[in-house]
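Heads up, the thing below is written out as structure tokens.
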Amino acid sequence: MSIIAVNYEYDATKLPELAEHRPEHRTFLGSLRDEGTLLASGPLGTNGALIILEVADKAAALSVLESDPLYINGIVETRVARTWNPVLGPWN
């Protein structure tokens, strides 16, 4: 398993939809946390988020996040997955 950091950037023209779908998004992420896939998540500024997953690889991370209501509803404009190798902290 790898730790993958996924950076979301939201479509700035869809911020009202972001607010509308945020509760579903957080419920979805909560289910990933409960199953042990999600390590952490949270907003980056006002137009993005960082999601840390423990999965097989970057492709698996993006695949898992295809079920995110924000992605399904076209609010996520870009997603970038990177392998992350923490050297200090709770995940090393």
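Being without any contact (Cβ under 8 Å) to a residue 40 or more places away in the chain, surrounded by fewer than 16 Cβ atoms within 10 Å (Cβ to Cβ), charged (D, E, K, R) and farther than 10 Å from residue 8 by Cα: is that true of residue 34 here? Yes. Find the residue count for the stretch 71-92, including only residues that are basic (Lys, Arg) and free of Cβ contacts under 8 Å to residues at least 24 places away in the same chain. The number of residues fulfilling the criteria is 0.
Taking the stretch 40-70 as the range and being over 12 Å from residue 29 (Cα atoms), without any contact (Cβ under 8 Å) to a residue 40 or more places away in the chain and in contact with a Leu (Cβ under 7 Å, 6 or more places away or on another chain) as the test, only 44 passes. Residues in the stretch 73-92 that are under 13 Å from the mean Cα position of the chain (by Cα) and among the aliphatic types (A, V, I, L, M): 75, 76, 80, 81.
Checking the stretch 43-60 against the condition returns a match, with at least one residue being out of contact with any Ser or Thr (no Cβ under 6 Å at 6 or more places or on another chain), assigned to a helix (DSSP H, G or I), surrounded by 11 or more Cβ atoms within 10 Å (Cβ to Cβ) and among the hydrophobic types (A, V, I, L, M, F, W, C). For the stretch 69-87, the criterion of being in a loop (DSSP other than H, G, I, E, B), modelled with pLDDT under 95 and touching a helix residue (DSSP H, G or I) at 6+ places or on another chain (Cβ under 8 Å) is satisfied by no residue at all.
The values are calculated or read from the model by the stated rules, or taken from the named source; none is laboratory data. Fair warning: this is a prediction, and the values are worked out from it, not measured in the lab. Counting neighbours? That spans all protein chains shown, and the Cβs are built from the backbone with ideal geometry, glycine included.
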